[in-house]
1. Give the residues of region 137-150 that are closer than 11 Å to Ile44 by Cα and either part of a strand (DSSP E or B) or among the charged types (D, E, K, R) (or both), sorted by residue number.
2. Looking at (1) modelled with pLDDT of 85 or more; (2) surrounded by 13 or more Cβ atoms within 10 Å (Cβ to Cβ), which is the only condition Gly26 fails?
3. For region 55-89, how many residues meet the condition of being without any contact (Cβ under 8 Å) to a residue 60 or more places away in the chain, among the small types (Gly, Ala, Ser) and surrounded by 11 or more Cβ atoms within 10 Å (Cβ to Cβ)?
4. Within region 95-107, identify whether any single residue is surrounded by 10 or more Cβ atoms within 10 Å (Cβ to Cβ) and in contact (Cβ under 8 Å) with a residue 60 or more places away in the chain, and answer yes or no.
5. Any idea how many residues of region 70-118 are assigned to a loop (DSSP other than H, G, I, E, B) and closer than 25 Å to Asn140 by Cβ?
6. Could you grab me the full set of residues in region 75-98 that are in contact with a strand residue (DSSP E or B) (Cβ under 7 Å, 6 or more places away or on another chain) and more than 26 Å from Asp111 (Cβ to Cβ)?
7. Against the condition surrounded by fewer than 11 Cβ atoms within 10 Å (Cβ to Cβ), modelled with pLDDT under 75 and assigned to a helix (DSSP H, G or I), how does Glu183 come out, does it pass?
8. Considering (1) without any contact (Cβ under 8 Å) to a residue 60 or more places away in the chain; (2) farther than 24 Å from Asp37 by Cα, say which one Asn123 fails and leave the rest.
Amino acid sequence: MKRGTLIAVLAAIMVMVSSAMCFAAGGLELKSSYPEDGQKNTSIENLGVKLQFSNPINSDEAKATDESLFAIYDEEGKTIPIKVLFSDKSDGVVLVVADIDEGFVAKNNSDYKLVISGDLVDNEGNTLGADKTITFRTYNQRVNNMVNMAMMFVMFGGIMFLTVRQNNKKEEEEAETKEEPKEAFNPYKEAKRTGKTVEEVMAEQAKKEEKLAKKKARRKKSSEPVHEKKIENCAELLNNVYHVHAPAPVSKEDRSIEALRAMRKAEAKAAKAEKEAQYAKKSRKR
């Protein structure tokens with residue numbers, strides 16, 4: 001009898017512990033938020049917080065109860081108009097956003113605070129138990145605009161610098177190639193200046209003009225575009241490539257296997273004869 005009583009007591013204790021653990025496991029918790037608590041440089045265009053709870057919150061009863069249990073406060077402690085959106089597809093997702101239809105305009109570089117009441121319930125009636133607070137700060141739009149303007153000025157300044165540099169380089173090249181007007185050569189005047197005969201002066205001038213002409217020709221040749229050399233017969237440069245001496249036959253009789261084989265043999269024979277002729281020609285030169 002005592003043994004049976006002891007077993008019953010132990011069984012009751014185990015049931016109570018299991019029930020307590022099940023009740024604790026089914027409690028409502030806030031798993032995550034975006035932005036996170038204390039986050040800075042958040043958007044001011046769509047001010048709001050996305051919440052992820054541990055249990056579904058999308059039944060009609062839970063929505064009616066929880067809609068008024070969220071509030072967002074500005075730096076002065078005033079509540080701003082909000083919309084509470086419950087997700088029917090993702091369990092436990094709630095979106096609390098500022099209601100711009102009510103004329104709300106978020107301030108840049110300002111602190112906002114979302115407060116969630118501890119009375120928040122899920123679809124099973126479990127409550128959050130304690131209030132939750134999430135603070136976040138919007139980014140500084142003025143600083144962001146200044147940084148963008150500075151980057152724009154740097155970019156345009158770089159473009160202007162490169163443009164001016166290219167123009168100056170082009171002008172220098174044109175100045176180098178441009179010929180300055182020279183005074184007409186007077187052999188008698190040059191002979192009188194140097195004390196040489198007219199024939200010697202004219203001979204020296206002819207050499208100078210010849211050198212100048214060669215220099216101009218070299219400069220012109222170096223500035224001309226390089227034209228690719230056209231290969232007339234690729235069979236001379238590539239292995240296993242044969243020069244076709246005649247177009248392929250088009251009639252049905254000429255397209256037979258025997259005709260094609262005969263044509264290939266004739267082409268191979270002609271190529272061999274051509275190579276032998278070239279070899280003999282080279283031998284004679286040696």
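The values are calculated or read from the model by the stated rules, or taken from the named source; none is laboratory data. Fair warning: this is a prediction, and the values are worked out from it, not measured in the lab. Note: ideal-geometry Cβ built from the backbone for every residue, glycine included; neighbour counts use all protein chains shown.
1. Listed by number, the residues that qualify are Arg137, Thr138.
2. Unmet for Gly26, out of (1) modelled with pLDDT of 85 or more; (2) surrounded by 13 or more Cβ atoms within 10 Å (Cβ to Cβ): (1).
3. Number of matching residues: 2.
4. Taking region 95-107 as the starting set, the residues that turn out to be surrounded by 10 or more Cβ atoms within 10 Å (Cβ to Cβ) are 95-100, 102, 104, 106-107.
Narrowing the set further to residues that are in contact (Cβ under 8 Å) with a residue 60 or more places away in the chain leaves 106-107.
Within region 95-107, one or more residues are surrounded by 10 or more Cβ atoms within 10 Å (Cβ to Cβ) and in contact (Cβ under 8 Å) with a residue 60 or more places away in the chain.
5. Residues in region 70-118 being assigned to a loop (DSSP other than H, G, I, E, B) and closer than 25 Å to Asn140 by Cβ: 16 in total.
6. Phe86, Ser87, Gly92
7. So Glu183 does not fit the description; no.
8. Unmet condition: (1).
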